[in-house]
Amino acid sequence: MILIIVALSISFYMAWNIGANDVANAMGTSVGSGALTLKQAILVAALMEFAGAFLVGSHVTNTVRKGIVDPVIFSGDPNSYIYGMIAALLAAGTWLNIASYKGWPVSTTHSIVGAVLGFGIIFSGFASVHWNKVSQIAASWVVSPILSGAISFLVFCLLRRIIFYSKTPVISAKRMTPFLVFFVVGILTLVMVFKGLKNLHLDLPFIHALILACLVGLLGALISIPLVNRIKSPKSEIEENEFVDPKVERSIQKVVMHLRRVKESVTGELSDEVTHLLGKSENISNQFETYSHKKHISADYQTVEKIFIYLQILSASFVAFAHGANDVANAIGPLAGVLSAIKSGVVEMKAQVPLLILLLGGLGIVIGLATWGWRVIETVGKYITELTPTRGFAAEFGAAITIVLASKLALPVSTTHTLVGAVLGVGLARGLSSLNLRTISEIVISWVFTIPASALLTAVFYYIIKLSFS
């Protein structure tokens, strides 16, 4: 009974830390862009995460996550297995607690993987570990952010070219919205099928899943048409004859840059002429900058951003639901294995998950989000780069596309790394200077330390727990 109480408490602690750290994946960009206040984000995420965890969280789970070690090696010593899984949960939760305190978005899956890895090594040596699985997970540190960053970069550049570089950005946004809703809802439906609803054993063939996604996306697009048409186009603060093609604006900036280089390498009378030409070019460039600022604060620009607020909230809600359904297993998988071993005295590959344990996991995630979630949300939403609703939407959409592609191509990805990479990609679309390199370096270092830190903590906790109950 004491072991059961300890296991339940530590599993709740792990779920609490999942909520505190991982839920920023769904809500960080929405808060950073101003689409939602922190309080609104917590309410939306709490509802969607709990619904995902409780309604479609797995009722049958792997007792050792991600196949890092084979549970068969523990079959002759169920007590050590019980102590090890409790230690793994405690170690993963502790590392997540440290990361959340620092505001680092780290992968909860990688935390539990590192913890189980540490237990497997101290129990039966390095040979018991499936190193090919570990190498795949390590590869996701590179695959996830690069893939999602590239996709988000392209999505944002496309939106900027079609909408913000248009003479009539609000009209362009209205035309684009049904298409965007179709792709957003369609892609996120695929995310649900691959990452969220797989626990309901809806193992649809890809073509059937694609047809379902297209139908749901089409329904969303049709609903969006009358809603977006209700938005009135404000009177623009920029006159029609003031419109400047952004290509011209970028070209004059290049002219100024090249003339500055020429000035440094010429002398005499030619230098005077280049200086005069440079002065004129800089003056024209400054006028363009004034125009760009005027356009940025115009009523047209603000109206476009309002349209994207709704798209961003929609995408964030989907991601939160899928996360709750999928990642609650990081807390309840080892717990289900422990409870099964305590009850039957046998170590099993898979274990049944009682409804009360799903409830425990869902509540833990929600409470963690409500109490400490703001720390990592601020890092993702505010400290990597400046976000607006359009940039936040591009990041969420890019991350969702990456998850679908990775699921289809069997590429190892982490939701956390995917979202952070997407935010980086959106920031890069405005130039390297728009990124906070110090924050980024801290995040990357925390990713690298996640698996070894969790493994070492597991070793320490395992011996403490074993001594306490022996």
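The values are calculated or read from the model by the stated rules, or taken from the named source; none is laboratory data. Here the structure is a predicted model, which means the values were calculated and not measured. Here Cβ is always computed from backbone atoms with ideal geometry, including for glycine, and neighbour counts include all displayed protein chains.
Points worth noting:
- The stretch 69-108 - residue that is more than 18 Å from the chain's Cα centre (by Cα) and not in a helix (DSSP H, G or I) and, of those, farthest from Ser344 (Cα to Cα): Val69
- Of all residues in the stretch 373-395, those satisfying the criterion of being surrounded by 19 or more Cβ atoms within 10 Å (Cβ to Cβ) and over 24 Å from Phe164 (Cβ atoms) are Gly373, Trp374, Val376, Ile377, Thr379.
- Ala351 buried (at least 20 other Cβ atoms within 10 Å of the Cβ) and not in a helix (DSSP H, G or I): yes
- Residues of the stretch 94-140 classified as surrounded by fewer than 20 Cβ atoms within 10 Å (Cβ to Cβ) and under 24 Å from Val426 (Cβ atoms), total: 2
- Which numbered condition Gly103 fails, given (1) over 16 Å from Leu419 (Cβ atoms); (2) touching a Lys or Arg at 6+ places or on another chain (Cβ under 6 Å); (3) not aliphatic (A, V, I, L, M): (1)
- If you go through the stretch 297-322 and keep only what is assigned to a helix (DSSP H, G or I), out of contact with any Lys or Arg (no Cβ under 8 Å at 6 or more places or on another chain) and not aliphatic (A, V, I, L, M), you end up with Asp300, Gln302, Thr303, Glu305, Lys306, Phe308, Tyr310, Gln312, Ser315, Ser317, Phe318, Phe321.
- So Val191, is it modelled with pLDDT of 85 or more and under 20 Å from the mean Cα position of the chain (by Cα): no
Yes or no, residue by residue, for (1) more than 18 Å from the chain's Cα centre (by Cα); (2) among the aliphatic types (A, V, I, L, M); (3) under 20 Å from Ile18 (Cβ atoms):
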site	(1), (2), (3)
Thr402	no, no, no
Thr415	no, no, yes
Leu419	no, yes, yes
Val448	no, yes, no
Phe469	yes, no, no
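- Residues in the stretch 414-442 that are surrounded by fewer than 24 Cβ atoms within 10 Å (Cβ to Cβ) and in contact (Cβ under 8 Å) with a residue 24 or more places away in the chain: Leu424, Leu428, Ala429, Arg430, Ser434, Leu435, Asn436, Thr439, Ile440, Glu442.
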